[in-house]
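Notes follow the structure.
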Amino acid sequence: MAAKSFLKRARRAVEAQQGPFWKRKTLAEMTQQEWESLCDGCGMCCVNKLEYEGTGELAQTDTCCRLLDPKTALCKDYKNRKKIVPECIQLTPKVVAKMDWLPRTCGYRLVHLKQDLYWWHPLVSGDPNTVHEAGISARGRVIPEDQVEDISERVVDWFA
């Protein structure tokens, strides 16, 4: 029993010397827990975007998926989101590699591009509120799409 405990401590010490998991691993190598913790909780991936025909240009709106809680920027039913909203795109390493609409600040995107996480990311700051305090999140900025008649009239540019 003592040997197992020693090995766990030794493994953690080696990992600490090598840096945090998001600097050591690719997205595909992460455990489910590591993967989930890479989400900064900004909710921006659940904010509706419009794609203009012809140019393919994306425009951000101030509307969001009906499951995103505008007060917290968290999904109201994360576990069942695909059943409730079939068009919900579940992020995977392959999806992240293809999705150019993910925010430039997204932890998944940054790790995929071998860039570091920002100071306000909860894994760096140790506080899940810093993403909101830094003004990066959708919290308090969006309204659910089912409360809007025409989202094309709701285009915003928060991070110009």
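Show that you can apply the helix-only estimate: for the chain, add -39,500 (n - 2.57) for every DSSP H stretch of four or more residues, divide by all residues, and state [θ] at 222 nm to the nearest 500.
-7500 deg cm²/dmol
Per 10 Å bin, what is the whole-percent P(r) computed from every C-alpha pair distance within segment 97-160?
18, 40, 32, 10, 0
Work out the P(r) tail for the chain: percent of alpha carbon pairs separated by more than 20 Å, whole number.
Value for the chain: 57 percent of Cα pairs lie more than 20 Å apart.
Return one quarter of the surface area of the convex hull spanned by the alpha-carbon atoms of segment 18-78, equal to its mean projected area, in nm².
6.3
Pull out the extension gain between ASP150 and ARG66, defined as 0.36 nm times the separation in residues minus the alpha carbon to alpha carbon distance; nm, one decimal.
Additional length available on full extension: 28.8 nm.
Which pairs in the list LYS23/LYS83; LYS25/LYS94; LYS49/LYS76; LYS25/LYS98; LYS25/LYS71 are over 24 Å apart, alpha-carbon to alpha-carbon?
LYS23/LYS83; LYS25/LYS71, as the Cα separations exceed 24 Å there.
For a quick check: sort TYR108, TYR52, TYR118 by the number of other beta carbons within 10 angstrom, fewest at the front.
In increasing order of surrounding Cβ atoms, one gets TYR52, TYR118, TYR108.
Here, each number is a calculation from the coordinates, and none is a lab measurement. As the structure is a prediction and not an experimental result, all values here were calculated from the model. Backbone-built Cβ (ideal geometry, glycine too); neighbour counts: all protein chains shown.
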